[in-house]
There are 2 protein chains.
Amino acid sequence: MLESGKEEAAPILVDQKLVPGQSSRFQKQIEFILEVDKLKHVLRQTILMDQSRRENSAEHSWHIALLIPVLAEYAKETDIDMFQVMKILVIHDLVEIDAGDTYCYDDKGREDQTQREAIAADRIFGLLPADQATEFRALWDEFEKRESPESRFANALDRVQPFLHNYFTNGQTWQANKINSRQVHERMRPVKDGAPDLWDYVNNLIENAVKKGILAE
Amino acid sequence: MLESGKEEAAPILVDQKLVPGQSSRFQKQIEFILEVDKLKHVLRQTILMDQSRRENSAEHSWHIALLIPVLAEYAKETDIDMFQVMKILVIHDLVEIDAGDTYCYDDKGREDQTQREAIAADRIFGLLPADQATEFRALWDEFEKRESPESRFANALDRVQPFLHNYFTNGQTWQANKINSRQVHERMRPVKDGAPDLWDYVNNLIENAVKKGILAE
C-alpha cells in the first residue's frame, strides 16, 4: 500500500539467464531484494524529529535495529540472541508493503489487520526460496506472538522509538488523533515485558507530557 | 548535512531528571537515539526502484541490513559473525549526518572525505557513553578498513544494493553522472573480495547494461 494509495507496481522480474549458474534460487533472492524496496513508500503516523515530514517503515526499521546495540543492556532477560532480535526487526514490517501501516490506535483498521497481514506475509516471504520463506515467516510470527525473550525485546524497541518521536515532537501525532495518556500507557505495555527500565522512562515521559499539556489525560 | 543544505538543528537535549535513576548514561543513550534520526535526511544519488525519488541513507542502511539474512550464503569466508556484519551496517553511514553522502564517483569530494568523516565520527559516536562510543567507533573503523571477513562482506552488500538500483532503474544515475562501465567495475571490486558469486552477477549485469545502452562502455 503506497503512500499515495495508488496501485502497486508489479514485482520487477530478474532475468535468469544473467544470474550465476542460471540459479532460480539466486533469481528469487534478487527479486525479493528488489520488491522489498517498496517498504520505503509505506508512511507511518510518526513524524521525524525535525517535524518536516512523516517517517516511512524502512526508516523506522533501521532506527529500531540501531537501538539494539544502544539499549541491549536494558533487555529484561539475559542471554538473549541479539542477532535474532535484529533479524526480527529488519523484517517485521515487510507485510506493510501489501497491508499498509495500521495506525496503532485505529481500532477499526486493526479488526482485519491480522488477516490482511497474513495474506501479505504469504506473498512477500513467498518470493524467497522455500527454506528462506519459511525462516522469514517464522521470524515474523515470532515477533507477532511475543513469546520468546527475543521477540519481547524486539517489541519493546518497536514501541519505544515512535513514542520518543511523539514525545519529542510535542505530541503532535497524539493531538491530531485525539489520543489520551491511558491509551498511550496501554499501547506501551510490551515495553514493560521486554525492557523494564525503558518502561520506567516511558511512564515518566507520559506523566510529563500530560503536565506539559501535550498529551490529554 | 541535510537534504536542503540548510544548517543542521542542534541536538535535542534529554531532561536528566526524567531518566530512570537520573542516569547520565541513559540520558546520553537517548540523546544519541534522537540525534541519529537525522540520517533520514541524508540523500544519496541512488533512486528508488519505482524511480519516484532519491533514497536516503537510513533507508539504504535498512535495505543492506536485510540483505544479510537473504545473501549470507554467498559470503566468501565461512564462520562469519553475521551479527557483527549487521551492527557494522546499521552504524556505517552515521558519519554522513555531518559529512554528507559523498557520491562514490565524485573524485573531488572524496579527497577530504576521510577527514570530514573522522570529525563526524568523533562528534556523533561521542554522544554515547564512553564504552559504547569506543565500540561504535571500532565498528565504523572496521567497515572502513575492510580487513576482517565481516567488514568485507559488509562492504560487498553496501556496494551491491545501489548497483542493483542503478541497473534496475535503467542506469539513470550512471547516465546523469556520465559514468562508464570501467568506473562501475572498479567501484564494485569490494564485492569480489566479500562475495564472489555476487561479483559474477554484477559483471553479467554490467556487460548487459552496456549491451542495452544504459551504461557507457
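The values are calculated or read from the model by the stated rules, or taken from the named source; none is laboratory data. This one's a predicted model, so the numbers in the text were calculated from it and none came from an experiment. Note: ideal-geometry Cβ built from the backbone for every residue, glycine included; neighbour counts use all protein chains shown.
Checking A:Gln22, A:Gln45 one by one, the residue that is more than 9 Å from chain B (Cβ to nearest Cβ), within 24 Å of A:Arg116 (Cβ to Cβ) and out of contact with any Leu (no Cβ under 6 Å at 6 or more places or on another chain) is A:Gln45 and no other. Taken together, B:Leu2, B:Leu43, B:Leu39 contain a single residue that is modelled with pLDDT of 95 or more, out of contact with any Ser or Thr (no Cβ under 6 Å at 6 or more places or on another chain) and buried (at least 16 other Cβ atoms within 10 Å of the Cβ), which is B:Leu43.
Looking across A:Arg123, A:Arg146, one residue alone is surrounded by fewer than 23 Cβ atoms within 10 Å (Cβ to Cβ) and at positive phi. It is A:Arg146. Of the helices (runs of 4 or more DSSP H) lying entirely inside the range A:85-153, those containing at least 3 residues that are hydrophobic (A, V, I, L, M, F, W, C) are A:113-125, A:130-145.
Picking from residues in the range A:196-212 that are over 15 Å from B:Gln27 (Cα atoms) and among the charged types (D, E, K, R), the one that is nearest to the other protein chains (Cβ to nearest Cβ) is A:Glu207.
Can we say B:Ile30 is more than 9 Å from chain A (Cβ to nearest Cβ), in a helix (DSSP H, G or I) and either at pLDDT 95 or above or buried (at least 23 other Cβ atoms within 10 Å of the Cβ) (or both)? Against the criterion (more than 9 Å from chain A (Cβ to nearest Cβ), in a helix (DSSP H, G or I) and either at pLDDT 95 or above or buried (at least 23 other Cβ atoms within 10 Å of the Cβ) (or both)), B:Ile30 does not qualify.
For the range B:71-88, the tally of residues that are crowded, with 21+ Cβ neighbours inside 10 Å and within 18 Å of A:Leu128 (Cβ to Cβ) stands at 3.
The residues in the range A:35-53 that are without any contact (Cβ under 8 Å) to a residue 40 or more places away in the chain and under 22 Å from A:Ile124 (Cβ atoms) can be counted, and the count is 3.
Return the pairs, sorted by first residue and then second, in which the second residue is modelled with pLDDT under 95 and assigned to a helix (DSSP H, G or I), the first residue lies in the range A:17-34 and is closer than 18 Å to A:Ala130 by Cα, the beta carbons are less than 7 Å apart, and the residues are 6+ apart or on different chains. The qualifying pairs are A:Phe26/A:Pro20. Is it fair to say A:Arg152 is of a type in the set (D, E, K, R), at pLDDT 95 or above, under 30 Å from A:Leu13 (Cα atoms) and crowded, with 18+ Cβ neighbours inside 10 Å? Spelling it out, it is not the case that A:Arg152 is of a type in the set (D, E, K, R), at pLDDT 95 or above, under 30 Å from A:Leu13 (Cα atoms) and crowded, with 18+ Cβ neighbours inside 10 Å. Please verify whether B:Lys76 is at negative phi and assigned to a loop (DSSP other than H, G, I, E, B), treating the condition exactly as stated. When the stated conditions are applied, B:Lys76 passes them.
Considering only the range A:48-65, how many residues are more than 8 Å from chain B (Cβ to nearest Cβ) and not small (Gly, Ala, Ser)?
The qualifying residues number 5.
Within the range A:128-148, restricting attention to residues that are within 17 Å of the chain's Cα centre (by Cα) and among the aliphatic types (A, V, I, L, M), the residue that is nearest to the other protein chains (Cβ to nearest Cβ) is A:Leu139.
Here B:Asp101, B:Asp112, B:Asp122 are screened, and the one residue that is acidic (Asp, Glu), more than 14 Å from chain A (Cβ to nearest Cβ) and under 26 Å from A:Val90 (Cα atoms) is B:Asp101. For the range B:175-200, the tally of residues that are within 25 Å of B:Glu144 (Cβ to Cβ) and part of a helix (DSSP H, G or I) stands at 16.
Selection over the range B:66-90 of residues that are within 10 Å of the chain's Cα centre (by Cα) and facing chain A (nearest Cβ under 7 Å) gives a count of 1.
Residue-wise test of (1) crowded, with 16+ Cβ neighbours inside 10 Å; (2) touching a residue at least 12 places away in the same chain (Cβ under 8 Å).
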{"residue": "A:Asp158", "(1), (2)": "yes, yes"}
{"residue": "A:Gln161", "(1), (2)": "yes, yes"}
{"residue": "A:His185", "(1), (2)": "no, yes"}
{"residue": "A:Pro190", "(1), (2)": "yes, yes"}
{"residue": "A:Asp193", "(1), (2)": "yes, yes"}
{"residue": "A:Tyr201", "(1), (2)": "yes, no"}
{"residue": "A:Asn204", "(1), (2)": "no, no"}
{"residue": "A:Lys211", "(1), (2)": "no, no"}
